[in-house]
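Notes for the one structure printed next.
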Amino acid sequence: MLLRQLEYFCAVANTHSFHEAADKCYVSQSAISQQVKALEKELGAPLTERRGRGFVLTRAGEVVARRGQQILEDAMRLKFEVSALRRAPVQLRVGYLNRYAGWELQAALAAFARRHPDVILTARAGDHEALHEAILAGRLDILVNDRRRQLSDEWENRPLFTGYSYIEASEASELAFRESVTVTDLKGMTCIIVADEDQRETERSYHRDVLNFDCPFVYADTLDEARMLVAGNRGFLPLMMRTDNGATGTVIRRIPLIDAAGAHRRQEFFAFWPKVATTPLTEEFAEILAELFS
């Protein structure tokens, strides 16, 4: 029996909803259902019983909900007691690509923080090369990054999702009401790149030579700063999202970037870290990411 299974089932029992339990635990509803079924299989008894459109707890479910909550509270106290014995604070440092605009990473951080309140959790955005250099230098523990290199046996390479390419443009831009654009459509327009100052030339070369943007470039230090440039119609901003139907706004329009054949351009994203630096915390955070992106 896993503590995670008890955590998910107790959330279902407390909220009387698989959907609300999934939101509370920062996982998908299918993940909640699978773990509850696994718990029922191990205990050899059903824990819920369908009633109309909803459900009620069985007698076994009521017992597990009551005792399970006590077990979870005891486990949390144990974590705090052990944590107090450590000489140095435990930390997990996460790096993520600054062109990714999804919600899943935030949810993963929240879920991990809830499970490990004693761990100092930090997250840093950066361009691809800056993140790679930081983890090699030991300044980061795990990356959520796009794939630009051949996968190496010396690294953990956990596939997470396929990212879809978009550009963001101001409502004042001539692009604002396009249903899609190609790199040819963007030729000569200003491209906004989010990159650290010492990585700007590398990112410019990548956008020009690999992504084929035939554009002048301007730079921003953060995604927020880049979006201010977009809102002021200073250029367009390339970014990645998990969905191929990304919602768009009014002030800033989000437009799919397609290839010459009309297909939505895409790129693979992974969780990366050196195998020699593997810890239980990196493994668990990667598992949380995989559940959220599944």
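The values are calculated or read from the model by the stated rules, or taken from the named source; none is laboratory data. Predicted model, so just to flag it, every value in this text is computed and none were measured. When we count neighbours, we look across all protein chains shown, and the Cβ atoms used for this are built from the backbone with ideal geometry, even at glycine. Only protein heavy atoms, including side chains, enter the accessible area calculation; ligands, DNA and RNA are left aside. Shrake-Rupley method; radii C 1.70, N 1.55, O 1.52, S 1.80 Å.
Observations, loosely collected:
- Remark: relative contact order (segment 84-203) = 30 percent; criterion is Cα-Cα distance under 8 angstrom and separation of 6 or more residues.
- Hypothetical label at residue 153: residues of segment 258-284 whose amide nitrogen lies under 15 Å (7 Å Cα-Cβ projection): 275-276
- The chain: translational diffusion in µm²/s, Stokes-Einstein, Kirkwood Rh over Cα pairs, 25 °C, 0.890 mPa s: 114 µm²/s
- Judged by a Cβ-Cβ distance under 4.7 Å, the unpaired cysteines of the chain are 10, 25.
- Diffusion constant of segment 245-294 at 37 °C, which comes from Stokes-Einstein with the Kirkwood Cα-pair radius and 0.692 mPa s, µm²/s: 228 µm²/s
- 3J(HN,Hα) along segment 117-123, derived from phi through the Karplus expression 6.51 cos²θ - 1.76 cosθ + 1.60 where θ = phi - 60°, amounts to x, 8, 8, 7, 10, 10, 9 Hz, with x in place of Gly and Pro.
- Take every DSSP beta bridge whose two residues both sit in segment 169-294; close to 35 percent of them are antiparallel.
- Take the Kirkwood radius over Cα pairs of segment 184-229, plug it into Stokes-Einstein at 25 °C and 0.890 mPa s, and you get 227 µm²/s for translational diffusion.
- DSSP finds beta bridges in the chain, and of those with both partners inside it, around 60 percent are antiparallel.
- Solvent-accessible area per residue, Å², over the chain with all protein chains present [probe radius 1.4 Å]: 53 Å²
- Under 5 Å from the amide H of residue 214 lie the amide H atoms of 188, each residue being 5 or more positions distant or on a separate chain, with H modelled from the backbone and absent for Pro and chain starts.
- If you model segment 1-145 as an ellipsoid using its alpha carbon gyration tensor, with each semi-axis the square root of five times an eigenvalue, the axes come out at 35, 20, 11 Å, biggest first.
- Over segment 205-282, the alpha carbon radius of gyration divided by the compact-protein estimate 2.2 N^0.38 Å works out to 1.41.
- Its residue count N fixes a reference of 2.2 N^0.38 Å for segment 85-206, and the Cα radius of gyration divided by that reference is 1.31.
- Chymotrypsin sites (Phe, Trp or Tyr not before Pro) within segment 253-294: DSSP coil, no more than 10 neighbouring Cβ in 10 Å: none
- Gain on full extension, evaluated as 0.36 nm per residue between residue 259 and residue 233 minus their Cα-Cα distance, stands at 7.0 nm.
- For residue 220, the residues whose amide H sits under 5 Å from its own are 193, 194, 195, ignoring neighbours fewer than 5 places away on the same chain, with H placed 1.01 Å from N.
- Divided by 2.2 N^0.38 Å, where N counts the residues, the Cα radius of gyration of segment 1-84 comes to 1.10.
- Percent of Cα-Cα distances greater than 20 Å, calculated over segment 125-262: 49 percent
- Taking the accessible area of segment 144-263, probe 1.4 Å, and keeping the other protein chains in place, the carbon and sulfur fraction comes to 45%.
- Extension gain from residue 122 to residue 110, taking 0.36 nm per residue of separation minus the Cα-Cα distance: 3.2 nm
- Between the amide H of residue 155 and those of 275, distances stay under 5 Å, these residues lying 5 or more places away or on another chain, with hydrogens modeled in the peptide plane.
- Protein-only accessible surface order, largest first, of 24, 187 at 1.4 Å: 187, 24
- Förster radius 22 Å - calculated FRET efficiency between residue 28 and residue 211, Cβ distance, rounded to 0.05: 0.10
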